[in-house]
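Derivation of every value follows stated rules applied to the coordinates shown; laboratory data play no part. Note that the structure is a prediction, hence the values are computed from the model and not measured. Please note: Cβ atoms are built from the backbone with ideal geometry, for glycine as well, and neighbour counts cover all protein chains shown.
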């Protein structure tokens with residue numbers, strides 16, 4: 001009648017537990033559970049979880065514990081990757097099955113369980129552990145931890161962490177009870193209460209969790225194991241007196257525990273001890289030679305506790321489980337990636353990770369050494385140090401729970417200067433994973449200005465001061481130093497256009513291409529010069545306008561309904577507005593921006609466009625909030641290409657909706673329109689005549705000059721490049737017979753990954769954000785197609801400074817360029833190599849791709865070979881709304897249907913994205929007549945996963 005399982009719902013004896021497990025095992029076996037098969041157990045820490053895991057083991061199958069608290073996407077991946085015969089996600093009722101033992105013999109070399117661990121590529125990997133390894137480990141731990149019948153072991157760990165296996169094997173085989181606490185995290189006072197009230201005698205706790213437990217009397221708490229992370233000396237000083245405290249170490253790939261210490265005593269960093277019985281360890285250098293005592297080397301493990309390998313990952317298994325030169329032929333070692341030393345006492349001392357041994361200014365650095373030094377400061381309760389790639393250099397960032405004011409000076413007295421972190425980030429608590437380990441992925445990004453502590457170089461001249469102020473405003477940063485890199489601060493080609501405009505407003509002239517060749521304020525100041533006064537076109541811009549290359553491309557595609565192909569924005573206003581003032585402001589904007597007054601006509605010779613004269617026009621409608629969605633849909637469908645203006649506006653309370661036909665606007669145009677609308681509104685509200693300042697080059701003038709430039713041979717030197725045929729233009733199809741149409745799949749990466757991609761990746765890879773995005777896209781597409789190369793039509797903003805004297809920084813119109821590029825991808829390349837290769841291929845494109853469309857439009861319509869079936873367009877970071885101190889409070893997703901569903905997309909796949917609400921978001925437009933939604937969603941998910949993996953790689957995250 002001894003207790004086996006104790007929970008808030010009651011107690012199960014060993015006989016009751018065995019009977020329940022037997023009945024369930026018979027049900028599972030009847031449904032197909034057996035050797036070499038996986039049964040997923042998606043249950044929280046509970047009695048039902050233990051019963052189910054024991055039942056699966058009795059069938060000979062392997063159980064896959066899945067913590068239901070994990071993100072849905074990770075759970076989906078695990079279940080798809082492991083392909084279990086079924087998933088148990090509720091307590092099953094088995095009254096009709098016998099409760100006697102199943103009696104199936106268990107082959108010791110068959111899988112006992114599968115545990116998923118994080119992977120450095122962003123893809124989790126399933127570790128397959130056999131019954132042989134589990135049996136060898138269980139008997140040894142019971143003896144070492146002195147577990148007796150009647151003891152009580154705490155079930156602390158997440159089901160998806162292999163420490164939960166330790167808790168199970170430490171208790172039941174020894175006749176001890178496993179105590180299952182209430183659901184939810186166990187930390188601090190709550191953990192102390194469970195230890196005391198439940199009479200816990202044995203527990204395995206990660207150091208980060210143990211550090212939160214207050215100093216309370218726990219006389220029955222005889223044995224404390226710590227593991228999962230390095231244990232600081234101060235925790236040993238607090239918890240070792242009065243009990244047996246053991247430091248346990250082991251990767252999942254070696255069946256939970258590889259080595260453990262003897263009983264710890266206060267004083268010094270605790271060792272990870274000696275290998276457990278039936279386990280051999282080797283500390284080796286890069287040539288697999290044993291290193292001397294005291295010398296750091298990588299830890300290799302061998303013995304029956306080694307996992308079979310990674311589930312369906314033979315390449316990764318071969319990389320991590322290598323031949324054992326010290327054992328019998330055919331035996332293996334597991335390469336842990338951990339750095340350890342042999343001590344003079346014959347114990348192992350943990351020194352960090354191989355990938356933590358970064359080089360700082362040429363010196364080898366072990367992050368654990370810095371963390372240990374920090375924890376010795378009396379004001380520091382916990383510390384984590386990571387290496388970040390900043391401005392192309394490895395920098396150290398320290399995250400500290402405690403006071404950070406004097407830490408730089410403190411470490412400077414104890415460590416060489418290259419070991420002193422560049423920035424210190426205070427934390428209320430160190431984030432932990434569900435497994436109790438330090439969650440390095442959840443550590444906040446250091447503020448860019450903090451990262452540059454001690455390195456900030458302020459402006460030294462008036463020109464540098466002006467430029468730094470403009471950069472600060474455009475990039476949304478509190479300050480910018482003269483040595484800071486525009487693209488590493490998050491800049492892109494579209495933001496470069498804003499810099500040019502604001503710099504001109506401040507009296508300095510620049511070209512956007514100057515920011516690509518002079519990427520710091522100090523360098524840019526050498527080419528900036530006083531701006532000449534603009535020559536304003538005071539006469540209204542009217543008359544015939546040649547179709548531009550992108551407009552010709554649109555009409556050549558022969559959309560079913562060319563009048564319904566729009567872009568739109570929806571903004572929340574900061575307060576009530578004067579309707580009449582808003583009407584007048586809209587009229588002023590339409591009068592100023594000639595492209596909004598374009599009239600299109602279809603003639604026997606094709607489409608033409610003409611600038612209509614300025615006339616007052618009622619483009620604003622005021623609608624009730626309940627009718628806004630329908631009114632927006634109606635407005636989107638209301639355009640008549642022959643009747644300008646090509647703009648619609650709806651006002652509903654504090655929401656303003658604007659739609660324009662895509663023929664007259666692009667992504668850059670919206671920022672200009674919203675700024676000018678606010679400016680005109682404020683002037684009218686103040687009783688002034690609206691004045692939007694001098695016009696930049698009109699859309700009409702630019703179109704005429706561009707045609708003349710191309711026809712005069714201005715781009716002829718690019719023709720040979722664009723005449724080449726491209727590989728990988730086609731993508732696989734699911735079907736070809738369904739009616740044509742369009743649909744969309746949208747994927748996004750979170751704000752942390754977005755910040756890394758925008759601000760860390762350009763510096764880490766010495767590149768631009770578009771290169772990074774295209775590297776991820778190329779990887780996803782080539783995995784799908786199975787080809788080594790893929791060709792993509794890229795969209796650019798098209799506002800290239802190709803015509804002398806033209807200034808498009810404040811010109812509204814559709815300037816987009818569309819040009820093909822072939823991307824060859826090495827499937828074995830790491831992210832750094834892949835991004836570098838993509839960057840090299842993109843830099844080989846002449847003139848940012850501007851010439852392709854222009855040459856096809858005006859010189860040679862047949863130029864180029866096959867057309868890529870995939871298009872990609874990155875719209876940048878503009879959300880087109882203010883921060884609450886102007887007319888606009890925030891942007892919202894557009895409403896209403898922007899395109900007629902009858903307009904079949906010009907490409908088989910169109911990938912369009914940008915930053916919205918702090919997240920990179922990409923819409924994958926596809927044709928349901930060619931692809932299943934699941935197919936497109938799968939490729940889009942691969943793209944998003946690639947972005948997350950790049951974000952982790954450039955931050956220096958580790959699995």
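Assorted remarks:
- Computed over the alpha-carbon atoms, the chain gives an Rg to Rh ratio of 1.03, Rh here being the Kirkwood radius from the mean inverse distance.
- Chain lengthening between residue 785 and residue 622 when straightened (0.36 nm per residue, less Cα-Cα): 53.7 nm
- FRET efficiency, residue 717 to residue 803 (Cβ-Cβ, R0 25 Å, nearest 0.05): 0.95
- Estimated at 0.36 nm per residue, the fully extended path between residue 233 and residue 708 surpasses their Cα-Cα distance by 163.3 nm.
- Size-normalised alpha-carbon gyration radius of region 605-689, reference 2.2 N^0.38 Å: 1.23
- Taking other Cβ atoms within 10 Å as a rough exposure proxy, 462, 755, 439 sort from fewest to most as 462, 439, 755.
- Share, in percent, of DSSP beta bridges within the chain that are antiparallel, nearest 5: 75
- Restricting the calculation to Cα atoms, every distinct pair contributes to the Kirkwood radius of region 462-530, found to be 11.4 Å.
- Kirkwood hydrodynamic radius (C-alpha pairs) into Stokes-Einstein, region 156-306, 37 °C and 0.692 mPa s, D in µm²/s: 197
- Between residue 190 and residue 217, the FRET efficiency from the beta-carbon distance, with R0 = 25 Å, is close to 0.90.
- Mean residue ellipticity at 222 nm, helices only, the chain: -9000 deg cm²/dmol; runs of at least 4 DSSP H residues each add -39,500 (n - 2.57), and the sum is divided by the number of residues.
- Measuring r between the beta carbons of residue 146 and residue 919 and using R0 = 45 Å, the FRET efficiency lands at 0.30.
- Under the simplified labelling scheme, the residue 274-residue 369 pair shows an inter-label distance of 2.9 nm, with each label point 7 Å from Cα along Cα→Cβ.
- For region 543-702, averaging the sequence separation of C-alpha pairs within contact (under 8 Å, six or more residues apart) and dividing by the residue count gives a relative contact order of 33 percent.
- Cα-based radius of gyration for region 4-275, normalised by 2.2 N^0.38 Å, reads 0.99.
- Per residue convex hull volume, Cα atoms of region 836-959, in Å³: 216
- Distance (nanometres) between label positions extended 7 Å along Cα→Cβ at residue 578 and residue 517: 4.8
- Centre separation in Å (Cα based) which lies between region 584-620 and region 54-133: 66
- Our summary gives the chain a relative contact order of 9 percent, counting only alpha carbon pairs under 8 angstrom and 6 or more residues apart.
- Hydrodynamic analysis of region 543-702 uses the Kirkwood radius over alpha carbon pairs. Inserted into Stokes-Einstein at 37 °C and 0.692 mPa s, it gives a translational diffusion coefficient of 199 µm²/s.
- One chain, two ends: residue 744 and residue 634. Fully extended at 0.36 nm per residue, the span grows by 37.5 nm beyond their Cα-Cα distance.
- With Cα atoms, 0 to 90° folded angle of helix 72-82 axis to the chain main axis: 60
- Comparing Cα centroids, region 141-197 and region 773-807 end up 55 angstrom apart.
- In nm, spacing of pseudo-spin labels at residue 104 and residue 904 (7 Å Cα→C-beta vector): 5.3
- Reciprocal mean inverse distance between Cα atoms of region 1-116 - Kirkwood radius, Å: 14.5
- Peptides 680-687, 91-98 ordered by average Cβ neighbours within 10 Å, highest first: 680-687, 91-98
- This ranking places 115, 497 by how few other beta-carbon atoms lie within 10 Å of each, fewest first, which gives 497, 115.
- Dividing the alpha-carbon radius of gyration of region 75-203 by the rule-of-thumb value 2.2 N^0.38 Å gives 1.23.
- Listed by Cβ neighbour count within 10 Å, with the fewest neighbours leading, 615, 629 appear as 615, 629.
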